[in-house]
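Chemist: To start, I am sharing the structure in question, which I have written as structure tokens.
The values are calculated or read from the model by the stated rules, or taken from the named source; none is laboratory data. Since we're looking at a predicted model, the values are computed, not measured. All Cβ positions, even for glycine, are placed from backbone atoms using ideal geometry, and neighbour counts span all protein chains on display. All accessible areas refer to the heavy atoms of the entire protein, side chains included, with ligands and DNA or RNA removed. Shrake-Rupley method; radii C 1.70, N 1.55, O 1.52, S 1.80 Å.
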Amino acid sequence: MGRFPSGQRGQTVNLLAPPSKVRILLSPKGANAYAFSTLFLYLVCPMSEIFYADGLHFECQQCSHCCRHEPGFVYLSTADLSNLCRYFNMNESAFIKQYCRWVPYYDNTEVLCLLEKTDYDCIFWNKGCTVYQARPLQCSTYPFWDHILVNKRTWESERAECPGIGKGGLHSFSEIKQKLLLNEKNEPIHRVSSLKEFC
């Protein structure tokens, strides 16, 4: 389950630190800048200059490190929340109270995020993902995230941390592009007065 890094809870991420598996060592604002750069590549670069034009190999090796051991953020969109509520047969209010937290976001708002256990494991990790069929989009699209696909160097850097990168079936350019677009549209839920009663 790919998570944005948090340092310790609520603390600033060290942008100079080396990549740490799927915990993106970028602020969401920085990740958005990379999303723009990825979109720019589609618009101005010929396919031959996009390093994954012929696709990329990835198959999860179920090491679970991306779900555990280090603090991170799994942001929830409206669709993510609906899928998880349906999976647990819970209403949104009850689900948010039991499984979520509000965290600061780069635009000075707060967004909805899954809780972590005290050891920083994802709240839904227990010898594997217990909500795999309803896992958030952020998790299901890893490692095809904009900041990882900036260039071959960023991809290889992530490969050094994730044993599934470079293995398994080939994911086509069109499939990768679709995952990037899904992520771009998957806006986390921002806290507004109507939701404050939930926490």
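Chemist: State the number of residues belonging to region 117-141 that are open to solvent by 20 Å² or more (accessible area, probe 1.4 Å) and either at negative phi or in contact with a Pro (Cβ under 7 Å, 6 or more places away or on another chain) (or both).
Modeler: 14
Chemist: Name the single residue, out of those in region 90-108 being part of a loop (DSSP other than H, G, I, E, B) and open to solvent by 50 Å² or more (accessible area, probe 1.4 Å), that is farthest from GLY72 (Cα to Cα). Can you show your working first?
Modeler: The first filter runs over region 90-108 and keeps only residues part of a loop (DSSP other than H, G, I, E, B), leaving 90-91, 105-108.
Imposing the further condition that a residue be open to solvent by 50 Å² or more (accessible area, probe 1.4 Å) reduces the set to 91, 106-108.
On the way: ASN91: 25, TYR106: 15, ASP107: 18, ASN108: 18 Å.
In this case the residue turns out to be ASN91.
Chemist: In region 76-89, what residues are among the hydroxyl-bearing types (Ser, Thr, Tyr) and open to solvent by 20 Å² or more (accessible area, probe 1.4 Å)?
Modeler: Residues of region 76-89 that are among the hydroxyl-bearing types (Ser, Thr, Tyr), as a first pass: 77-78, 82, 87.
Scanning region 76-89 gives THR78, SER82, TYR87.
Chemist: Could you identify the single residue in GLU184, GLU158 that is modelled with pLDDT under 95, open to solvent by less than 40 Å² (accessible area, probe 1.4 Å) and part of a helix (DSSP H, G or I)?
Modeler: Details: GLU184 fails: open to solvent by less than 40 Å² (accessible area, probe 1.4 Å).
None of the others qualify; the one that does is GLU158.
Chemist: Which residue pairs have Cβ atoms closer than 6 Å, lie 6 or more positions apart in sequence or on different chains, and pair a first residue in region 58-72 that is farther than 14 Å from GLU158 by Cα with a second residue that is at pLDDT below 90?
Modeler: Correct list of pairs: CYS67/MET1; GLU70/ARG23; PRO71/SER6; GLY72/ARG3; GLY72/PHE4; GLY72/PRO5; GLY72/SER6; GLY72/ARG23.
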